[in-house]
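The values are calculated or read from the model by the stated rules, or taken from the named source; none is laboratory data. Everything numeric here is computed off the predicted structure, so don't read it as measured data. Using ideal geometry, Cβ is built from the backbone for each residue, glycine included, and neighbour counts are taken over all protein chains shown.
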Amino acid sequence: MIEFKLPSMGADMDEGKLLEWKVKPGDKVKRGDVVAVVDTSKAAVEVEIWDEGTVHELLVQPGTTVPVGAVLALLLATGEMPKAIERKKVSPAARKRAAELGVDAERIAGSGPEGAVSVEDVEKARAPAVPVDRNVEMRKAIAAAMSRSKREIPHYYLSDTVSLARAAQWLGAENARRPPAERLLMAVLYLKATALACKSFPDMNGHYRDGAFKPAAAVHAGVAISLRQGGLIAPALHDVERLPLGDLMKQLADLVKRARAGSLRSSEMSDPTVTVNNLGEGGVGSVFPIIYPPQVAIVGFGGVRGERVVASLAADHRVSDGHRGSLFLGEIARLLQEPEKL
């Protein structure tokens with residue numbers, strides 16, 4: 001029997017409310033299928049599954065808030081026959097309270113030892129939904145993540161002014177031959193240059209967990225996106241170093257659209273390996289962002305000023321030092337001088 005658990009959806013999201021199941025018992029699922037929609041402090045996230053099998057039982061009812069790691073459903077592996085399911089552990093008091101409230105205790109996610117259901121679990125499952133101010137919850141989530149970052153990560157900061165004359169000239173000529181719907185933004189050059197630089201400097205791309213750094217095999221670039229209702233979110237574009245600029249532009253536009261519509265996938269929220277923050281044409285001259293844990297670096301691009309931009313880096317001193325950081329920024333600048341090779 002395979003347990004399908006609520007996956008991590010970022011360092012600042014430790015629980016979610018199940019909004020909807022996309023599957024039912026008996027459905028066959030494969031890797032990457034969206035099986036549920038979960039509401040978090042930042043967005044409604046489509047949750048993917050990374051096992052193959054047949055849905056056997058859905059353990060959590062829509063409307064229930066559960067912690068990351070809670071078992072949401074049971075699957076039968078390919079070729080596995082269903083077995084009798086052990087009766088869920090429910091305290092006598094919880095079973096009595098569930099009967100009083102008309103709640104099925106067998107379908108409540110328990111928070112006790114071995115998933116045992118307590119009276120508190122029953123009452124939480126039965127509690128009427130309280131309207132949530134998503135903006136307030138997002139600010140709390142951002143505050144928690146950034147406070148942790150500044151508390152735990154020894155940041156160092158660097159910046160360099162980069163000429164965009166070659167990049168702007170090439171971009172203008174490239175867009176002139178493309179139909180309007182396929183034209184590129186300078187943002188995709190920033191993303192691709194950062195991703196390629198990360199391949200040369202793997203100590204900027206990965207995660208610091210349990211006292212050690214683990215470099216990532218691919219560059220999943222978190223893109224800082226400001227939301228119309230306020231707040232910020234940084235979902236990932238996957239394998240950026242391998243994407244042609246046209247494909248990267250399409251994926252970036254789609255990601256921004258879905259982020260602002262509150263329709264992201266759990267994998268996009270959980271696995272960025274480095275983040276890029278671009279203030280765009282209307283931004284201030286420079287930005288010095290804070291690292292999003294457990295990542296170890298974030299690259300910022302200020303507003304363009306006379307075909308020049310200030311590129312900045314915040315990096316984790318446990319993993320790299322200023323010399324490496326300066327070489328990394330220099331590599332980004334070099335790559336932006338050869339946009340035709342990106």
Quiz item: Residues 57, 80, 20: which one is closer than 21 Å to residue 268 by Cβ and among the acidic types (Asp, Glu)?
Solution: 20
Practice problem: Looking only at the stretch 44-95, count how many residues are over 34 Å from the mean Cα position of the chain (by Cα) and either crowded, with 19+ Cβ neighbours inside 10 Å or modelled with pLDDT of 90 or more (or both). | Solution: 2
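Considering the stretch 107-116 alone, what residues qualify as being in contact with a helix residue (DSSP H, G or I) (Cβ under 9 Å, 6 or more places away or on another chain) and either over 16 Å from residue 15 (Cβ atoms) or of a type in the set (S, T, N, Q) (or both)? Spell out how you get there, then give the answer.
Quick first cut of the stretch 107-116, residues in contact with a helix residue (DSSP H, G or I) (Cβ under 9 Å, 6 or more places away or on another chain) only: 107-112, 116.
Scanning the stretch 107-116 gives 107, 111, 112, 116.
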Quiz prompt | Qualifying residues in the stretch 302-330 (those that are in contact with a Ser or Thr (Cβ under 8 Å, 6 or more places away or on another chain) and under 14 Å from residue 164 (Cα atoms)) - the one surrounded by the most Cβ atoms within 10 Å (Cβ to Cβ) | solution = 309
